[in-house]
Amino acid sequence: MVAPALASIGETLHIDSSLELALTLSIFVAAYAVGPLFWGPISELRGRVIVLQISNLWFLCFNLGCALSQNKSSMIAFRFLAGIGGSAPLAVGSGTISDMFQPEERGRAISVYSVAPLLGLALGPIGGGWIAETTTWRWVFHSTTIACGFVQVAALLFLKETYAPVILERKKKHLIKETGNTELYTAYDHPDRTFSRTLGIALTRPFRLLFTQPIVMFLAAYMTYLYGTMYLVLSTFSGLFEKASSSARTSARVPKIASTELSSVNAARKASQDAQSSAYQ
């Protein structure tokens, strides 16, 4: 949503360098490489719900900070911190789906889940461009902060825990309190499973896999290229079409609508293929 408003942000915050403007946009995604290293281990120790609720509140606060920024340094810093909060759904989303669906049913659910980031990249600039055009760039952040507030309330009221070890741990504590039997335990009880140990494993595992497994190295490089290209293309659609056709911002949003439709069609096709594959198993 920020891409169409970059020029206005640069003018207000006196960002003259194109590199700094690009950094304002892309540093949010850079935080996606940092956040999951911490949100993942926390979710394995404390559950999915607490991670999603805290990260959403984290994102809300720092996204509001972006709206109130008065200089480029605070904007870039708040964008990075907001990205750390926004990375949590990607860190625990697949795990949450695995908690809720049987193995033969996960393919379809993962397909629907995985299309959300693509739709966000395509639809976000459409909404952001309209907001920036009709109001100011600050309302691009204010609007997402307000939406995030509604999500936070809904999460507090309706979001339920799905991670089996945490659910069983709560049940064990409840039974111990009722019966007084302190010998009760669950299949997931591990005395050596501490936060520092779990965090240490989570922080080193990606690098061990990346530098010791050729297939992981190849896929990581390939996905980096694909995601970087996709993010670059979607974030520059507006400027390219405005310059090429001398059209208004509204006309420049048409390519994003087309990419949104393609993403939806691809997700539906993938879900259908997964359903057929599961039927044969």
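The values are calculated or read from the model by the stated rules, or taken from the named source; none is laboratory data. Since this is a predicted model, take the numbers as computed values, not measurements. Reconstructed Cβ throughout: ideal geometry from the backbone, glycine too, with neighbour counts over all protein chains shown.
Out of the stretch 15-68, which residues are of a type in the set (S, T, N, Q) and free of Cβ contacts under 8 Å to residues at least 60 places away in the same chain?
Hits for the stretch 15-68 are SER17, SER18, THR24, SER55.
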Quiz item: Of all residues in the stretch 111-135 being of a type in the set (Val, Ile, Thr) and without any contact (Cβ under 8 Å) to a residue 40 or more places away in the chain, which is surrounded by the most Cβ atoms within 10 Å (Cβ to Cβ)?
Solution: THR135
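For every residue, the table says whether it meets (1) surrounded by 12 or more Cβ atoms within 10 Å (Cβ to Cβ); (2) closer than 24 Å to ILE42 by Cα.
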residue	(1), (2)
GLY180	no, no
GLU183	no, no
LEU199	yes, yes
THR204	no, yes
MET217	yes, no
Self-check item: Meets criteria (among the acidic types (Asp, Glu), crowded, with 18+ Cβ neighbours inside 10 Å and in a helix (DSSP H, G or I)) for GLU104
Solution: no
Self-check item: Scope the stretch 69-86; condition free of Cβ contacts under 8 Å to residues at least 40 places away in the same chain and either touching a Ser or Thr at 6+ places or on another chain (Cβ under 8 Å) or assigned to a loop (DSSP other than H, G, I, E, B) (or both); matching residues
Solution: PHE78
Practice problem: For residues that are at negative phi and surrounded by 18 or more Cβ atoms within 10 Å (Cβ to Cβ), tally how many sit in the stretch 46-59. | Solution: 8
Exercise. Starting from the stretch 173-195, take each residue that is modelled with pLDDT of 80 or more and list its partners that are part of a loop (DSSP other than H, G, I, E, B) and of a type outside the set (A, V, I, L, M), counting only C-beta distances under 7 angstrom and pairs at least six apart or across chains.
Key: ILE176/THR182
Quiz item: Which of the residues belonging to the stretch 10-56 are closer than 23 Å to LEU121 by Cα and either in contact with a His (Cβ under 8 Å, 6 or more places away or on another chain) or acidic (Asp, Glu) (or both)?
Solution: GLU20
